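Here the structure comes first, spelled out in structure tokens, and everything after it is commentary.
FYI, it's all coordinate maths here, none of it is from the lab. Please read all numbers here as calculations on a predicted model, not as lab measurements. Quick reminder, even Gly has a Cβ in these numbers, built from the backbone with ideal geometry, and neighbours come from all protein chains shown.
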Ligand SMILES: Cc1cc2nc3c(=O)[nH]c(=O)nc-3n(C[C@H](O)[C@H](O)[C@H](O)COP(=O)(O)OP(=O)(O)OC[C@H]3O[C@@H](n4cnc5c(N)ncnc54)[C@H](O)[C@@H]3O)c2cc1C
């Protein structure tokens, strides 16, 4: 039997930012784990999965064996990938490896893809033929795209008109296309409907592309066709666009007739009720759903996402499997790296509690999404979340002030860079 040290756990929980209520409830518990060295398998080494793996080890004082399965040797973050499009950072700065998880935190990392999960047998099968048994399974597999929801688009077409919404080769392709675009050409983005990964992401992206054009292609035009009638931080983005880029960016929403009816990939034309647009570079960000392995395991519902007990992140479809990050339905928390990392900590605490027969208390959560509108022009949206009636609800929050001074925007741009450094250090390094 393994004894978890409650004092160390309480300190670790507080240090991880999960808040006093959680720490207070765990205080006083010293029940040992039921099984000798429980084994938790984590699928996906992104923001959610890597955090869960690290904090499972930390919260259990290394008394849980953790195996992380991730096909990629290194992980390029989506956060910062828009900055890369503007030339403000490079790929190595956005790329993280799993060495610290292995050597500092004792996580066993296997670079492979999970091809099947058997919830009854509590096992996962890898593409290499290996089968692993688990006591608890954490899944943070991210998203997939509903390619054909944009008429004319397909997975094959994304090799020509990239979505660049999973960082990597797609991001580099878009980077190249922007640089090769003719002078005075048109860049067109088809934005996704709700819910999707990183609500401010598409709008930060066009800001960053405008920043590049302003310097290298000043007569270029940017058109956004959006199936929504509004978007995150809209007034702030539009204020920044006007201030920095004049009339370069044109945004059209649902009420303008901007829902795409036909995309002609070969001719790069896009038709909607509003007009037919001819573009030089097209960035299609399709509607999204949970990643394939979540569907294959029967964890999704009719929404295409995974319902979970929002206190613990345990699937409501299959016991013993926890779904975190973008794939999960996490109440009012946005699909973001910051949220996914918080889920990873909450879920790690829930598993440690469950394995010890402790009651899972009510944590508070926070999310901040920074966006760069220009290299020295940052804006943000922040929220604090708490469980109410079984749903994670926003209890406080807000956005940057409209009409703020250049100094304030510059400071927020610095905070954005600071946020990136600290969260990636927390997830993959220290
Ligand atoms: C342009 C852009 C900008 C963004 N900016 C921000 C930002 O500023 N701040 C912020 O908080 N968020 C931002 N985000 C959102 C953030 O990237 C996501 O919310 C975050 O990556 C979600 O984490 P996750 O763990 O759910 O999924 P991911 O990070 O996508 O990780 C999923 C991992 O699972 C692995 N996987 C999938 N299937 C399997 C399988 N069968 N077997 C094994 N492994 C598997 C994948 O290889 C992948 O590495 C941005 C996103 C985009 C697109």
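Tell me the angle of helix 47-59 to the major Cα principal axis of the chain, expressed in degrees between 0 and 90 and rounded to the nearest ten.
Helix 47-59 sits at roughly 20 degrees to that axis.
Kirkwood hydrodynamic radius (Cα pairs, Å) of segment 73-119?
Here the Kirkwood hydrodynamic radius works out to 13.0 Å.
Share of antiparallel DSSP beta bridges in the chain, in percent to the nearest 5?
55
Across 10 Å bins from 0, what is the distribution of all Cα-Cα pair distances for segment 215-266, in whole percents?
Percent of pairs per bin, in order: 21, 45, 29, 4.
If I take the Cα coordinates of the chain and project them onto the principal axes, what are the three extents in Å, biggest first?
70, 49, 40
Nearest 10 degrees is fine. How inclined is helix 169-180 to the longest principal axis of the chain, computing both from alpha carbons?
Around 20 degrees separate the two axes.
Sorted by average packing, counted as other Cβ atoms within 10 angstrom per residue and highest first, what order do 318-331, 397-410 take?
318-331, 397-410
log10 I(q)/I(0), Debye, Cα-only segment 282-430, no solvent, q = 0.20 Å⁻¹?
-1.26
Working out 0.36 nm times the residue gap between residue 243 and residue 411, then minus their Cα-Cα distance, what length gain in nm do you get to one decimal?
Separation in residues times 0.36 nm, less the Cα-Cα distance, equals 58.8 nm.
For n ≥ 4 DSSP H runs only, could you compute -39500 (n - 2.57) per run for the chain, divide by its residues and tell me the 222 nm figure to the nearest 500?
-9000 deg cm²/dmol
Which percent of Cα-Cα pairs in segment 59-141 sits in each 5 Å bin, short to long?
3, 12, 19, 18, 17, 14, 9, 6, 3, 0
Order these by the 10 Å Cβ neighbour count, fewest first: 47, 237.
237, 47
If you consider only alpha-carbon coordinates, what radius of gyration and Dmax does segment 375-430 have, in Å?
When restricted to the Cα atoms of segment 375-430, Rg and Dmax are 14.8, 42 Å.
For residue 125 and residue 230, compute 0.36 nm times the residue count separating them, minus their Cα-Cα distance, and round to one decimal in nm.
Contour length minus the Cα-Cα distance gives 33.5 nm.
Can you give me the three principal axis dimensions of segment 150-288 from its C-alpha atoms, in Å, biggest first?
Result, largest extent first: 36, 32, 29 Å.
Would you mind ranking 58, 205 so that the residue whose beta carbon has the fewest other beta carbons within 10 Å leads the list?
Ascending number of Cβ neighbours within 10 Å: 58, 205.
Output the 0 to 90 degree angle, nearest 10, between the alpha-carbon long axis of helix 234-245 and the longest principal axis computed from the alpha carbons of the chain.
50
Run a plain Debye calculation on segment 274-350 (Cα atoms as equal point scatterers, no solvent) and give log10 I(q)/I(0) at q = 0.11, 0.13, 0.14, 0.18 Å⁻¹, rounded to two decimals, same order as the q list.
-0.36, -0.45, -0.50, -0.70
Going by how many other beta carbons lie within 10 Å of each one, how would you line up 111, 343, 338, 105, fewest first?
Fewest-to-most ranking of 111, 343, 338, 105: 111, 105, 338, 343.
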